[in-house]
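The values are calculated or read from the model by the stated rules, or taken from the named source; none is laboratory data. Just so we're clear, the structure is a prediction, and the values are computed from it rather than from any experiment. So basically every Cβ, Gly included, is an ideal-geometry build from the backbone, and we count neighbours across all protein chains shown. These area figures cover heavy atoms from the full protein model, side chains too; ligands, DNA and RNA do not enter into them. Shrake-Rupley method; radii C 1.70, N 1.55, O 1.52, S 1.80 Å.
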Amino acid sequence: MRAMSKGRLEAFSDGVIAILITIMVLELRIPDGDGRWNALAPLVPKLMTYVLSFVFLGIYWNNHHHMLHATERVSGGVLWANLHLLFWLSLVPLVTGWMGEHHREPVPAAVYGFVLLMAAVAYTILQGRIIACQGPRSRLAIAVQGDAKGKMSLLLYALAIPLAFVHPAIADLMYVGVALMWLVPDRRIERALTNEVQP
């Protein structure tokens, strides 16, 4: 049976992430007031939440690109797993707006963390489906074995959700910590591909 192309999956995913970023920036409103600096003060929480979510979407876009670069073929299971990931990412603008509007409240911070947790779980499932499609000795399987950073992210999200009810700022700092942890692109796949082409 002829293998499915990964090109359409990647193009569709890129388009969805671009739309999500556009939706988030359109949610930012022009400041009220007379054009002075103090008019920006009410926008700071919304802007900071937007920046955090923008970084998270950028991280997913970057790592998704690298993962598909190491993918030779996709299956129906991979397509559904990718849609599962995009579903959770599509909720990012909603929870970003809610947390930005109510940054001192625990429930929006906890729900924001829940969406991030489920997106991370969905990404892990997608990665597993691709490896199952290609085999345990595939480039991707070799590159991501262990995946300590991925497991640490899941743990931090799971801890941040209940800690949001202790104080929302604790959860916010944990979300920032995860983002900083992934801000440097994951080089494991690049290294695996580089090592493969060397004589």
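I need the calculated FRET efficiency for the pair Ile125 and Leu180, taking r as the beta carbon distance and R₀ as 25 Å, to the nearest 0.05. Let's see the in-between values first.
On the way: r = 24 Å, r/R0 = 0.98.
Result of the calculation: an efficiency of 0.55.
Heavy-atom accessible area per residue, the chain, 1.4 Å probe: how many Å²? List each step's numbers first, then the result.
Numbers: 11190 Å² over 199 residues.
Dividing the accessible area of the chain by its residue count gives 56 Å².
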**Study point:** Carbon/sulfur fraction of accessible area - the chain, other protein chains in place, 1.4 Å, %
**Key:** 68 percent
**Study point:** Whole-percent pair-distance distribution, where bins are 10 Å wide, for the alpha carbons of the chain
**Key:** 8, 33, 32, 18, 7, 2, 0
Revision key, fill the gap. Which of Ala110, Ala11, Ala164 fluctuates most in a GNM of the chain (C-alpha springs under 10 Å)? That residue is Ala11
Review point. Tell me, what is the 1.4 Å probe accessible area of Val121, in Å² to the nearest 10?
Key: 50 Å²
Review point. According to a simple spin-label model (label point 7 Å from Cα along Cα-to-Cβ), what is the distance in nm between Leu159 and Phe87?
Key: 2.9 nm
Point to revise | Phi to ³J(HN,Hα) by Karplus 6.51 cos²θ - 1.76 cosθ + 1.60 over region 103-119, Hz, x for Gly, Pro | key: 5, 9, 9, x, 5, x, 5, 5, 5, 4, x, 4, 5, 5, 4, 5, 5
**Study point:** For Glu10, solvent-accessible area (1.4 Å; no DNA, RNA or ligand), Å²
**Key:** 40 Å²
Exercise for review: Could you work out how far helix 92-101 tilts from the main Cα principal axis of the chain, as a 0 to 90 degree angle to the nearest 10?
Suggested key: 20 degrees
Exercise for review: Using a Gaussian network model of the chain whose springs link C-alpha atoms within less than 10 Å, name the residue from Met181, Met118, Met99 with the highest mean-square fluctuation.
Suggested key: Met181
Study note, to complete from the structure: Along the dipole axis of the chain (charges at Cβ: +1 for Lys and Arg, -1 for Asp and Glu; origin at the Cα centre), the most positive-end residue among Trp98, Gly150, Ala132 is Ala132
Study note, to complete from the structure: Within the set Leu89, Leu140, Leu26, GNM on the chain using Cα springs under 10 Å gives the largest fluctuation to Leu26
